[in-house]
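Take a look at the structure below.
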Amino acid sequence: MKTLVLPPDQAALAYAKELIEAGEVVAFHTETVYGLGADARNDAAVRKIFALKGRPQDNPLIAHVHENYDISALVETPPYTAALRKAFLPGPLTMVYPSKGQVSPAVSCGLETLSIRVPASPTAQAFLRTVNVPVAAPSANRSKHVSPVTAQHVLDDFNGDIPLILDGGPSQGGIESTVLDCTGAVPQILRAGLVTREMIASVVGDCGVYHMRAGEKPRSPGMAYKHYAPGCRTAFFRAQNVEDAVRCYGREKSVGGTPYFLAEHAVCRTLSGYACFDLGSTPEEMAANLYAMLRAGECSATLLIGIEPCARGGVMDGVRNRLLRAFGQSEGDHET
Ligand code: AMP
Ligand code: MG
């Protein structure tokens, strides 16, 4: 199959609608990462996503809808969620609600909840408005690989396997949406992202953060899987161990390898003369650069040497979560 990469003009959107109605998958730009979408009501189409990605059968998908879609047909909406939708949607926040069972059970892998996202990206909005159905979509990467933030990244993973990529340019947010469980009295973050705990608490007064305990069945199954791994060898050092990282770089070089550092700007400045991917200075810059640099790293480096950024809290929670997982590091007791 030829994979077309098209800007979201009228012809491309009409083709996308035709594909979705025929039970095919379509990759599309969002402001976080690219998604791989199918009609959430169509069992066979949803299963196609799992098969294409090699995604574990117990890792649920997010249903994407346009900003005027009436989600009360799909889910129960606890009263406090209205303020959250008003404050943050469209945007990089996925909300998990009690499901009304109107989409394929394959979307939520049999759970009684359904997660819904309203992306802000104009490309995603145009696509979702045109198809006017809930679109189940995970990130458009092979399972466990780094999430895609350009159409080329999607092509690198799925060229010849999917019919269409709606190209909206680079995804500026850079890390996946915040996943917020809204089934309890107080919302709880299942996956950190650009909409932070502080931002949510400022709207509804309180916000929990879920930490999986050892041996417990995860509330957000995706968080239990190894993720975001670049396809090259990796090493990881804490910020206080940069000298060890430099020795590691030297050893790789001495055996004819091509090492690269991946570090925040302040650290890269101290590493002049070394090959370095500079993640930037602010949490937002680091989020925007992380996946593109992991993907560039796997193309150019034999060994990618990550150095832990110093900042904590806010958007850094999401950045640290993805970075540590990409380098196979544990963040704490909720990782398996
Ligand atoms: P991805 O689409 O690849 O960004 O992954 C979606 C993430 O949302 C995974 O971590 C899932 O475990 C999580 N998720 C999706 N639906 C639900 C749900 N109904 N309940 C809890 N977590 C969910
Ligand atoms: Mg994913």
>> Any residue at all in the stretch 280-291 that's surrounded by fewer than 17 Cβ atoms within 10 Å (Cβ to Cβ) and farther than 28 Å from Leu194 by Cβ?
In response: no
> Is the stretch 23-35 home to any residue that is over 18 Å from Val154 (Cα atoms) and within 16 Å of ligand 2 (Cβ to nearest atom)?
Replying inline: no
>> Any residue at all in the stretch 94-117 that's open to solvent by less than 40 Å² (accessible area, probe 1.4 Å), part of a loop (DSSP other than H, G, I, E, B) and within 21 Å of Leu13 (Cα to Cα)?
In response: no
>> Looking at Thr270, Thr234, can you tell me which residue is farther than 30 Å from Ala185 by Cα, of a type in the set (S, T, N, Q), crowded, with 17+ Cβ neighbours inside 10 Å and modelled with pLDDT of 95 or more?
In response: Thr234
>> Every residue in the stretch 308-326 that is hydrophobic (A, V, I, L, M, F, W, C) and open to solvent by 10 Å² or more (accessible area, probe 1.4 Å), please.
In response: Cys310, Ala311, Val315
> In the stretch 120-153, which residue that is within 16 Å of ligand 1 (Cβ to nearest atom) and polar (S, T, N, Q) is farthest from Pro8 (Cα to Cα)?
Replying inline: Ser143
>> Taking the criterion of being under 22 Å from Val195 (Cβ atoms) and in contact (Cβ under 8 Å) with a residue 12 or more places away in the chain, would at least one residue in the stretch 226-233 satisfy it?
In response: yes
>> Quick check on my filter: what residues within the stretch 154-190 are open to solvent by 10 Å² or more (accessible area, probe 1.4 Å), within 16 Å of ligand 1 (Cβ to nearest atom) and part of a helix (DSSP H, G or I)?
In response: Asp157
>> Given the criteria modelled with pLDDT of 95 or more and open to solvent by less than 20 Å² (accessible area, probe 1.4 Å), does Ser121 qualify?
In response: yes
>> Against the definition (open to solvent by 10 Å² or more (accessible area, probe 1.4 Å), more than 14 Å from ligand 2 (Cβ to nearest atom) and without any contact (Cβ under 8 Å) to a residue 12 or more places away in the chain), how does Pro79 come out, yes or no?
In response: yes
> For Arg247, are the conditions met, namely being in contact (Cβ under 8 Å) with a residue 12 or more places away in the chain and either open to solvent by 30 Å² or more (accessible area, probe 1.4 Å) or away from ligand 1 (no atom under 16 Å from the Cβ) (or both)?
Replying inline: no
> Can you tell me which residues in the stretch 49-75 are surrounded by fewer than 24 Cβ atoms within 10 Å (Cβ to Cβ), under 21 Å from Leu13 (Cα atoms) and out of contact with any helix residue (DSSP H, G or I) (no Cβ under 7 Å at 6 or more places or on another chain)?
Replying inline: Ile49, Asn68, Tyr69
> Taking Phe127, is it surrounded by fewer than 24 Cβ atoms within 10 Å (Cβ to Cβ), aromatic (Phe, Trp, Tyr) and in contact (Cβ under 8 Å) with a residue 60 or more places away in the chain?
Replying inline: no
> When the residues of the stretch 193-214 are filtered to those that are open to solvent by 80 Å² or more (accessible area, probe 1.4 Å) and in a helix (DSSP H, G or I), which remaining residue is nearest to Arg322 (Cα to Cα)?
Replying inline: Arg197
>> Which count do you get for residues in the stretch 250-272 that are in contact (Cβ under 8 Å) with a residue 12 or more places away in the chain and over 22 Å from Met286 (Cβ atoms)?
In response: 3
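The values are calculated or read from the model by the stated rules, or taken from the named source; none is laboratory data. The model shown is predicted, which means the values in this text are computed figures rather than measured ones. Neighbour counts are summed over all protein chains in view; Cβ atoms, including those assigned to glycine, are modelled from backbone coordinates with ideal geometry. When the accessible area is computed, the model is the full protein with side chains, heavy atoms only, and any ligands, DNA or RNA have been set aside. Shrake-Rupley method; radii C 1.70, N 1.55, O 1.52, S 1.80 Å.
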